[in-house]
Structure formats: structure tokens, C-alpha cells
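Peer 1: Mind having a look at this structure? Questions to follow.
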Amino acid sequence: MKMFYNAIIIGAGVAGNRVAEILSKKGLRVLVVEEHLKVGLPKKCTGLVSQRIKEILPNLDEEIFLNEIRVGSFIFGDKTFELRPKTKLYVIDRVKLDHFLFERASSNGAEYKFGERFTRAKVLNDRVIVETTKGRYEGDILIGADGAFSTVAKNFGLFEEGEFFIGLQSTVKGNYEKDRMEIWFGEDIAPNFFAWVVPLDSKNARVGLATKKNTLLYLKKFMRKRTKTFVEPDTCGIIKFGLIKKTVSNRVLLVGDAAMQVKPFTGGGIIYSLIASEVASLSILKAFKNKNYTEKFLTRNYEKIWREKLESGIRRGLMLRKIFYSFSDISIYIWFSVIPYFKTILENIDYDLL
Ligand SMILES: Cc1cc2nc3c(=O)[nH]c(=O)nc-3n(C[C@H](O)[C@H](O)[C@H](O)COP(=O)(O)OP(=O)(O)OC[C@H]3O[C@@H](n4cnc5c(N)ncnc54)[C@H](O)[C@@H]3O)c2cc1C
């Protein structure tokens, strides 16, 4: 007999696994379809998150936390200013985070299909029919947690280009101050974005940057300048952001990068994905209880609520980007002379609202 699922999730990233974990815990029949063969791989993240991760996932294994960052050095040309944020920042093992959520979802009974790619779906009155490269599945609702180039979003006319950058990162040996990350700005470093050095300990750091094009060339140049070496990248991904118009339609919902739930200034998406995944899961549980999967219901119970939580942060980040990157390098140089006077304000800022 063909299995009917309550929720079919495309993508086993942080968003897909978190939704799978919550729904399966409540007894829903959940299927997750992932095009890659292993959870968390290939690697696509630096793993820098605020302490909010411990509030959202209080039972996270300690081994997921690799390092704690207490100081940020912001560098432009020969100017540097330093911030010591009041709240903690952690460097986490992103692969292990995805695994942690996957294992919990699996042990709750969520079913996973790896090496299988979503191709298209059709919504009928009483169900959604999902096709992949290997099969055909039916369910109550389809969740697009399939990242920046979401095929689910494209299938249902929800896809938006947004603004996107290609991110590349290597793990580089050297001598680092364990609790100090570096953020480098400048047209010659990473136009309209930045380069980062995020230590894992005093001997290893994640060194990367994001640009719209020629990313590898910029990375080589930056690494030679900063670390006097070049190490092949081990992490690659798309950073896409903007304010999406719509994230639901009948029996369909987008979450995570697929819904552009990403901080525009820093490109961080883990915390926003986790927050939105919880809202999505609660709305699906409510839809299941009410047997109502209409766009109207999902708008009221998912879209409206995630926007209340995240939209002001996204808008603030977009505005900050617009102001910051509209200046020429010379003006940014002047900013770097002035910004230290706002040190106290900046140190008290909520990292998740940038
Ligand atoms: C270089 C880089 C560094 C970053 N650093 C940070 C950081 O330090 N902190 C932070 O908070 N965020 C960071 N981010 C952003 C963060 O990685 C994302 O916001 C986060 O991964 C979003 O999770 P997600 O589950 O929505 O999407 P993803 O993690 O992209 O997961 C989507 C999943 O869907 C699968 N998929 C896609 N299409 C299909 C299909 N058709 N069929 C089946 N499966 C499919 C993919 O294989 C993937 O596993 C970084 C991003 C990059 C690129």
C-alpha cells in the first residue's frame, strides 16, 4: 500500500531537519527528501551563531560548540576597530548540528530518502503529489526547505532572485587569537561583502569571503595577504537575501534559505531558519488539527508570524547594507575613523538583528 505522509519536506539542512524533528515528535508521518547522500555535506557554512542557539535548542550536545568568540576586529585598509559584544558568539560544527536534528527526527520516526532530488509537485484539493528523481509521494502538505535556489519555490511561482553572493571558505592552519574574529572590508577584498577569519582554536581558522563573481580569485588574494598561504576551499555555498513577497500557497510552505530568512548584513541564516522552522511546524500542526491547508490559513498562521519575528531584522540589515556599501572606499575609510565613537552602542547590539 502506498504510504501517505502528513508532511513532505524537501531538503535536509538545518530548516528541513528542524521541521522534521518537531512534526515527527508530535506523531505526524514525515518524509524528508534530500538530493545529497549525507546529512550536512557538502559543507556550506562558517557556523558562527549567537547564544540564542542555546535558547532555541537547549539540549544541543556540547561537542557541537567548537569555540567562543569574544572580540571582533573590523579591518579596512590600515584602520582597525575592535568590538567586544555583550552577548556571546559561538563557532559551531554545522555538520554536527544538522546531524543532531536529523538523528532526533529519525528516532521520532521521520523517514529520509537520500540521493533523491525533488523535481515537481502538483496540488489537488485533498493532497499534494510530489515527484522526485526516484519516486512519487503523496501528502497533506509540502515544505520547501531546499535552500537558496529552491525548486519548490520555483514550482509554485514563489521564487525570487533576491541579492546573492557566492561564499567560499578554507580551513587554514596558523597562529590565531582564539577568541578574536576578523572581518575585512574593501573593494579589493570582497566587493559589497566582506572576508572573515573565524578561529576554531589558536592553530586553525575558517577563512573565507563572499563575492558576486571571481570568488576563488578574491579568496586566493585574501589568503595570501592574511595567512601568507593558499589552502583549497572546503566549504562553498550561496548567500542569498532580500524581503520575499510570499512564502506560502495552498498546501505549500517555504522555510529557511528557500524563504530568504537570512540576515542581509552578515549573511547568517542558522538562527533565522531555526526560528522560522518552529513557527512553520506549529502552523502545520494547527493545519493538521483543523484539516485546513489553504493559503489563507498558512498566511495567517505561518507567514504573518515569521514576519512579525524576523522582518524588522531583515529590513534593518538591508538598510544597513544600502548605506554602508553605497559609500566609496574613501568614505568607508572615514567611517572607520568615526565608528569607534559608537562603540558602546555597537557592543550592545543584538547580533541577530544585523
Ligand atoms: C560560505 C557560507 C558561510 C555561512 N556562514 C554562516 C554562519 O557563520 N552563520 C550562519 O548563521 N549562517 C551562515 N551561512 C548561511 C547558512 O549556511 C544558511 O542560511 C543555512 O544553511 C540555511 O539552512 P537551510 O536548511 O534553509 O538550507 P540549506 O542548509 O542550504 O539546506 C537545503 C538542503 O536542500 C537540499 N536540496 C536543494 N534542492 C533540493 C532538491 N531539489 N531536492 C532535494 N534536496 C534538495 C540541499 O542539498 C540542502 O541539503 C553561511 C552560508 C555560506 C554559503
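Peer 1: Of 334, 219, 12, which is farthest along the charge dipole of the chain in the positive direction, counting Lys and Arg as +1 and Asp and Glu as -1 at C-beta?
Peer 2: Result: 12, furthest along the dipole toward the positive end.
Peer 1: Tell me, in nm to one decimal, what length is gained between residue 84 and residue 308 on full extension, where the rule is 0.36 nm per residue of separation less the Cα-Cα distance? List each step's numbers first, then the result.
Peer 2: Values: separation 224, 0.36 × 224 = 80.64 nm, distance 2.89 nm.
Contour length minus the Cα-Cα distance gives 77.7 nm.
Peer 1: Sketch the reach of a paramagnetic label on residue 41 as a point 7 Å from Cα along Cα-to-Cβ, and name the residues of the stretch 106-121 whose backbone nitrogen lies under 20 Å away.
Peer 2: Answer for this model: 106, 112-117.
Peer 1: Okay, moving on. By how many degrees, 0 to 90 and rounded to 10, does the Cα axis of helix 94-107 deviate from the longest principal axis of the chain?
Peer 2: 20
Peer 1: Can you work out the FRET efficiency for the pair residue 114 and residue 331, with r the C-beta to C-beta distance and R0 = 45 Å, to the nearest 0.05? Before the final figure, lay out each step's value.
Peer 2: Details: r = 49 Å, r/R0 = 1.09.
Computed FRET efficiency for residue 114 and residue 331: 0.40.
Peer 1: When only C-alpha pairs under 8 Å and at least 6 residues apart count, what is the relative contact order of the chain, in percent?
Peer 2: 20
Peer 1: What percent of all Cα-Cα pairs in the stretch 1-123 falls into each 5 Å bin, going from 0 up to the bin containing the maximum distance?
Peer 2: The percentages, shortest bin first, are 2, 10, 17, 18, 15, 12, 8, 7, 5, 3, 1, 1, 0, 0.
Peer 1: Beyond 39 Å, what share of the Cα-Cα pairs of the chain is found? Please give it as a whole percent.
Peer 2: Details: 10048 of 62481 pairs.
Result for the distance tail: 16 percent.
Peer 1: Here is a follow-up. Given just the C-alpha atoms of the stretch 180-324, how large is their convex hull per residue in cubic angstrom?
Peer 2: Working: hull volume 19.0 nm³, N = 145.
With only Cα atoms used, the stretch 180-324 gives 131 Å³ per residue.
Peer 1: Classify the stretch 94-138 as rounded, prolate or oblate from the Cα gyration tensor: take a ≥ b ≥ c as the square roots of its eigenvalues, call it rounded if a/c is under 1.5, otherwise prolate when a/b beats b/c and oblate if not. Display every interim value, and only then the final one.
Peer 2: Details: a/c = 2.84, a/b = 1.92, b/c = 1.48.
Note, shape of the stretch 94-138 comes out prolate.
Peer 1: Could you work out which residue, out of 251, 206, 316, moves most in a Gaussian network model of the chain, that is, has the largest mean-square fluctuation with Cα springs under 10 Å?
Peer 2: The residue that fluctuates most here is 316.
Peer 1: Distance from a point 7 Å along Cα→Cβ of residue 51 to each backbone N in the stretch 72-112: keep the residues under 13 Å and list them by number.
Peer 2: Within reach of a label on residue 51, which here means backbone N under 13 Å from a point 7 Å along Cα→Cβ, the stretch 72-112 contributes 85-90.
Peer 1: Here is a follow-up. Please work out the FRET efficiency for the pair residue 62 and residue 178, using the Cβ-Cβ distance as r and a Förster radius of 25 Å; give the result to the nearest 0.05.
Peer 2: On the way: r = 17 Å, r/R0 = 0.69.
With R0 = 25 Å, the Cβ-Cβ based efficiency is 0.90.
Values in this text are rule-based calculations from the coordinates and carry no lab data. Please read all numbers here as calculations on a predicted model, not as lab measurements. Cβ atoms come from the backbone with ideal geometry, glycine included; neighbour counts cover every protein chain shown.
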